[in-house]
Amino acid sequence: MIRHSAATQWIRQGTDRSVVSDLLGHMSESSMAPYVHVDEGSKRAAVERADARRREMAR
């Protein structure tokens, strides 16, 4: 559980997936799938960033 939580946090903090994969001893990045969780806050932030870019380009 601690390993899973650490990997999830590293990914959310922007640590390159290849680094996280290496830290966990995985042979491929595809084995990282169980650690990638999309939460509502992350989705909302992505939409807000896209909207801000759209508005900036419309000026």
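The values are calculated or read from the model by the stated rules, or taken from the named source; none is laboratory data. Here the structure is a predicted model, which is why all the values come from computation and not from measurement. Positions of Cβ are generated from backbone atoms using ideal geometry, with glycine treated the same way; all protein chains shown enter the neighbour counts. For accessibility, only protein heavy atoms count, side chains too; no ligands or nucleic acids. Shrake-Rupley method; radii C 1.70, N 1.55, O 1.52, S 1.80 Å.
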| task | Obtain the nm distance between the two label points defined at S30 and Q13 by a simple spin-label model: each point lies 7 Å from its Cα along the Cα-to-C-beta direction. | result | 2.9
| query | If you roll a 1.4 Å probe over the chain with all protein chains in place, what percent of the accessible area is carbon or sulfur? | reply | 55
| task | Quickly work out the L23-to-R44 label distance, labels modelled 7 Å from Cα along the C-beta direction, and quote it in nm with one decimal. | result | 2.7
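Hey, what's the Cα Rg ratio for region 15-58 versus the globular rule of thumb, 2.2 N^0.38 Å? If you can, show how the numbers build up before the last one.
Numbers: Rg = 15.2 Å, N = 44, 2.2 N^0.38 = 9.3 Å.
So the Cα radius of gyration is 1.64 times the expected 2.2 N^0.38 Å.
Could you do me a favour and compute the accessible area per residue for the chain, 1.4 Å probe, result in Å²? Please list the in-between numbers first.
Details: 4820 Å² over 59 residues.
Per residue, the chain has an accessible area of 82 Å².
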| By how many degrees, 0 to 90 and rounded to 10, does the Cα axis of helix 40-58 deviate from the longest principal axis of the chain? | 40
| Taking a point 7 angstrom from the Cα of E56 along the C-beta vector, which residues in region 6-46 have backbone N less than 20 Å away? | 14, 42-46
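For every other residue with a beta carbon closer than 14 angstrom to the beta carbon of A50, add +1 if it is Lys or Arg and -1 if Asp or Glu, then tell me the sum. Spell out each step's value before the answer.
Numbers: positive: K43, R44, R49, R53, R54, R55; negative: E48, D51, E56.
Surrounding charge for A50 is +3.
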| query | Short version: ³J(HN,Hα) in whole Hz for each residue of region 22-35, in order, from phi by Karplus 6.51 cos²θ - 1.76 cosθ + 1.60 (θ = phi - 60°), x for Gly and Pro, what are they? | reply | 5, 4, 7, x, 7, 7, 9, 5, 5, 6, 7, 3, x, 9
